[in-house]
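Here the structure is laid out as structure tokens; the discussion comes afterwards.
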Amino acid sequence: MLITRLTTVNSWAAWRQQVEAWIVAAVLWGLGRLPRWWARRLGIVLAGLLALVLPRLRRVGRDNLTAAFPEAPARVRRRLLWGSVANLGRLLGEFAHLPTVHAGNVAELVEYEGFEHFAAAQAQGRGVIFFTGHLGAWELSAYAHAVYGYPLTILVRPIDNSLVDAIVTRYRVGSGNRVVSKHRELRALVASLRRGETVGILADVHVQPQYGVFCEFFGRPASTSPLVARLARRTGAAVVVGYVVWDAARKRHRLIVEPPPVLVQTADEAFDVQENTVRLTRCWEAIVRRYPDQWLWIHRRWKSQPLPATQRTVPADGVT
């Protein structure tokens, strides 16, 4: 009886994963066949409908924006929330069109701002860590950077549905980027950096407290990955802060590379990792404040809160 029940559960899970993969493949295929402008607009519509039928997403977004901007009028926070939803829809449209981006048209879609900061970091020859986050069309930024001739090794969290993950990965690596799993291949990042390559890490989301350090983000402690700071210290790689934003006036994306952040290096590794993670988080907050309607407010960034005894703990992460 138990074996029969487990077989039924497994069959149902496999069927559900297959259906989800069909839906994702169909949506990406359909949007990819539309003109890019229409794909963006339809993506925005789809994201808006999803937000309407999933009130939990709206609730998380409202709570986050209320905590981050308590002084802002409710109408302003509503505008930021729906701007964030629209940004996800625009990202969906752009993601579906990734296979159409090539060296001949990338400049019409994505233009650099501050590229000299990346070039200077790369010239040091010790590898480059792109510290970035879920802002604008973040999937497009890595893809375009590779199309311009600068491929990255990208750290990702695999999607739970392996069939969907395979579809998404196929789109991500189409321009020459390499994807590694945060669960299994952290040492691959070290190897890439020691070869002088570029690594991209989205480090603006909540991590489990046992793997994170607590940093102030919009005035609240947020469990944050120390991986960028740890990798930089152990490999000597340069750190640059890069992100992409949608320029509505010019109808294109701007891939912005900030001037290099000032990081500390002392004899105390634990202090350096903690302090530099705080500094990078502070830098990212300033960026989100400049483009608040293009950040991922529906993510539970402040899901965990610190215990007094653990707030200054820097965890081990398996990177050697």
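The values are calculated or read from the model by the stated rules, or taken from the named source; none is laboratory data. Model, not experiment: these values are computed from the prediction. Cβ sites come from the backbone with ideal geometry, for glycine too, and all protein chains shown count toward neighbours.
Numbers for the structure displayed
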| read-out | value |
| --- | --- |
| Residue satisfying condition, being surrounded by fewer than 18 Cβ atoms within 10 Å (Cβ to Cβ), more than 22 Å from the chain's Cα centre (by Cα) and not aliphatic (A, V, I, L, M), within set Gly30, Gly83, Gly48 | Gly30 |
| Entirely in segment 56-125, the helices (runs of 4 or more DSSP H) that have 1 or more residues that are at negative phi and in contact with a helix residue (DSSP H, G or I) (Cβ under 6 Å, 6 or more places away or on another chain) | 74-96, 106-109 |
| Residue that is nearest to the chain's Cα centre (by Cα), among those in segment 95-105 that are closer than 12 Å to Ser175 by Cβ and crowded, with 19+ Cβ neighbours inside 10 Å | Leu98 |
| Pair list, Cβ < 7 Å and 6+ apart or interchain, from segment 196-223 residues that are over 11 Å from Arg301 (Cα atoms) to residues that are in a helix (DSSP H, G or I) and of a type in the set (Phe, Trp, Tyr) | Leu202/Trp138 |
| Residue count, segment 180-208 (criterion: surrounded by fewer than 20 Cβ atoms within 10 Å (Cβ to Cβ) and not in a loop (DSSP other than H, G, I, E, B)) | 8 |
| From the options Ala123, Ala144, residue that is among the small types (Gly, Ala, Ser) and touching a Leu at 6+ places or on another chain (Cβ under 7 Å) | Ala144 |
| Of residues in segment 262-282 being in contact (Cβ under 8 Å) with a residue 60 or more places away in the chain and of a type outside the set (A, V, I, L, M), the one farthest from His97 (Cα to Cα) | Gln274 |
| Ser141 vs. criteria farther than 19 Å from Ile201 by Cβ and outside any loop (DSSP other than H, G, I, E, B) | no |
| Members of segment 159-177 that are of a type outside the set (A, V, I, L, M, F, W, C), surrounded by 17 or more Cβ atoms within 10 Å (Cβ to Cβ) and touching a helix residue (DSSP H, G or I) at 6+ places or on another chain (Cβ under 8 Å) | Asn161, Tyr171, Arg172, Ser175, Asn177 |
| Scope segment 113-131; condition closer than 17 Å to Val257 by Cα and surrounded by fewer than 18 Cβ atoms within 10 Å (Cβ to Cβ); matching residues | Glu113, Gly114, Phe115, Glu116, Ala119, Ala120, Gln122, Ala123, Gln124 |
| All positions within segment 282-297 that are surrounded by fewer than 22 Cβ atoms within 10 Å (Cβ to Cβ) and either of a type in the set (Ser, Thr, Tyr) or not in a helix (DSSP H, G or I) (or both) | Tyr291, Leu296 |
| Output for segment 26-49, where each listed residue is of a type in the set (A, V, I, L, M) and closer than 17 Å to Glu94 by Cβ | Val27, Leu28, Leu31, Leu34, Ala39, Leu42, Ile44, Val45, Leu46, Ala47 |
| Hey, Asn105 at pLDDT 95 or above, over 24 Å from Trp38 (Cβ atoms) and not aliphatic (A, V, I, L, M) or not | no |
| Residue list for segment 61-100, filter: among the aliphatic types (A, V, I, L, M) and either in contact with a strand residue (DSSP E or B) (Cβ under 7 Å, 6 or more places away or on another chain) or free of Cβ contacts under 8 Å to residues at least 12 places away in the same chain (or both) | Ala67, Ala72, Ala74, Val76 |
